[in-house]
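The values are calculated or read from the model by the stated rules, or taken from the named source; none is laboratory data. The model shown is predicted, which means the values in this text are computed figures rather than measured ones. Every residue, glycine among them, receives a Cβ derived from its backbone with ideal geometry; neighbour counts consider all protein chains shown.
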Amino acid sequence: MTKQQIHLHKPAPCPEGAYADELSISAYRKVIAGMQQQRTVLQLNSMVGQDPSRKTAMQKIDEHITSLENTLKSVCKHNYVEDYIDINPDRGTSITYCDKCFLTFPTR
């Protein structure tokens with residue numbers, strides 16, 4: 001009997017961005033959304049009484065959110081979409097976002 005070698009094919013990063021599948025992008029978005037929700041709850045609770053530990057917790061959450069968003073920016077193979085959004089009934093602005101990870105980018 002001969003031994004068979006198994007070769008796993010790992011997708012290589014492309015010039016536009018690193019490889020990430022839809023499941024991992026979705027997982028990052030869920031974690032970020034959960035952390036943003038926790039931050040909002042802490043912020044609402046802080047309005048009742050200014051507890052320094054809540055402020056520290058909010059800063060830590062902000063740091064984690066920023067870190068996750070930066071990671072998401074680097075792993076997603078972005079599909080840029082240019083759109084126009086209304087700011088108010090008389091004014092709007094152009095935005096650029098990725099329709100996979102939903103991060104926004106400076107208008108190109």
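Below are the figures for this structure:
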item: Any hit, the stretch 75-84, residues being in contact with a Gly (Cβ under 7 Å, 6 or more places away or on another chain), loosely packed, with under 10 Cβ neighbours inside 10 Å and modelled with pLDDT of 75 or more; result: yes
item: Pairs where the first residue, in the stretch 82-108, is among the small types (Gly, Ala, Ser) and the second is in a loop (DSSP other than H, G, I, E, B), C-beta under 9 Å, 6+ apart; result: SER94/THR107
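Conditions tested, residue by residue: (1) more than 12 Å from the chain's Cα centre (by Cα); (2) of a type in the set (D, E, K, R); (3) closer than 20 Å to LYS30 by Cβ.
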| site | (1), (2), (3) |
| --- | --- |
| HIS64 | no, no, yes |
| LYS73 | no, yes, yes |
| LYS77 | yes, yes, yes |
| GLU82 | yes, yes, no |
| ILE85 | yes, no, no |
| CYS101 | no, no, yes |
| PHE105 | no, no, no |
